[in-house]
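See below for the structure under consideration.
The values are calculated or read from the model by the stated rules, or taken from the named source; none is laboratory data. Everything numeric in this text was worked out from a predicted model, so none of it was measured. Note that each Cβ is placed from the backbone with ideal geometry, even for glycine, and that neighbours are counted across all protein chains shown.
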Amino acid sequence: MVASVLIGGCSNEKKPPQQQADASGPYVIGLGEIMGLTQMRHAKLWFAGQANNWPLAAYELDELKEGFDDAVRYHPHHKSVPRPLTTMIPQFVGEPIAEIDTAIKTRDRTRFVAAFDRLTAGCNACHEEASFGFNVVKRPTVPPYSNQSFTPAARSGA
């Protein structure tokens, strides 16, 4: 076994260079990573709203907005996307996010569901225009984490 490790280590086989972070500048999170986190926030927002856990829903909505802000900040123009994300993201998700915010503040679950569905449709329309239409988002059916309760915590003294 030792011989095979040593022989393998001396191989002349050319291997493709590993991608390395550009040491001349700060790390910039990729758009895929931002959108992966956004998808998780989208799911957690849904389950918080379904549980009428309005403080958690407000928190997740704020985190979702921060993710969209990061996408615009760090990737204003992304690869072959036809328009800048600085215009696309607000166009497709701005109104639904405002509607969700109102639904959370008024604790209106019916309004929350309708606004959430508009947000989801906005995400899919944005994906379609950006040539990522193969990435279809929907209402989640299973919470993303088994170690988080979406039910509002009972308050002591209440």
Discussion item. Just to be sure I understand the filter: pairs with C-beta atoms under 9 Å, separated by 6 or more residues or on different chains, first member in segment 132-158 and more than 20 Å from residue 89 (Cβ to Cβ) and aliphatic (A, V, I, L, M), second member part of a loop (DSSP other than H, G, I, E, B) and at pLDDT 95 or above. Which pairs pass?
Written reply: 153/53
Worksheet item: If we scan segment 59-80, do we find a residue that is over 18 Å from residue 35 (Cβ atoms) and free of Cβ contacts under 8 Å to residues at least 60 places away in the same chain?
Response: yes
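Listed here are the residues, each with its yes/no results for (1) among the basic types (Lys, Arg); (2) farther than 22 Å from residue 86 by Cα.
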{"position": "112", "(1), (2)": "no, yes"}
{"position": "119", "(1), (2)": "no, no"}
{"position": "126", "(1), (2)": "no, no"}
{"position": "130", "(1), (2)": "no, no"}
{"position": "135", "(1), (2)": "no, no"}
{"position": "138", "(1), (2)": "yes, yes"}
{"position": "143", "(1), (2)": "no, yes"}
{"position": "147", "(1), (2)": "no, yes"}
{"position": "151", "(1), (2)": "no, yes"}
Discussion item. Report every pair of residues separated by at least 6 positions or lying on different chains whose Cβ atoms are under 8 Å apart, first residue within segment 30-48 and closer than 25 Å to residue 110 by Cβ, second small (Gly, Ala, Ser) and surrounded by 17 or more Cβ atoms within 10 Å (Cβ to Cβ).
Written reply: 38/67; 38/71; 41/67; 45/57; 48/57
Worksheet, complete the sentence: By residue number, the members of segment 82-113 that are crowded, with 16+ Cβ neighbours inside 10 Å, within 18 Å of the chain's Cα centre (by Cα) and not charged (D, E, K, R) are 85, 88, 89, 92, 93, 96, 97, 100
Worksheet item: Taking the condition modelled with pLDDT of 50 or more, touching a helix residue (DSSP H, G or I) at 6+ places or on another chain (Cβ under 9 Å), part of a loop (DSSP other than H, G, I, E, B) and surrounded by 10 or more Cβ atoms within 10 Å (Cβ to Cβ), does residue 34 pass?
Response: no
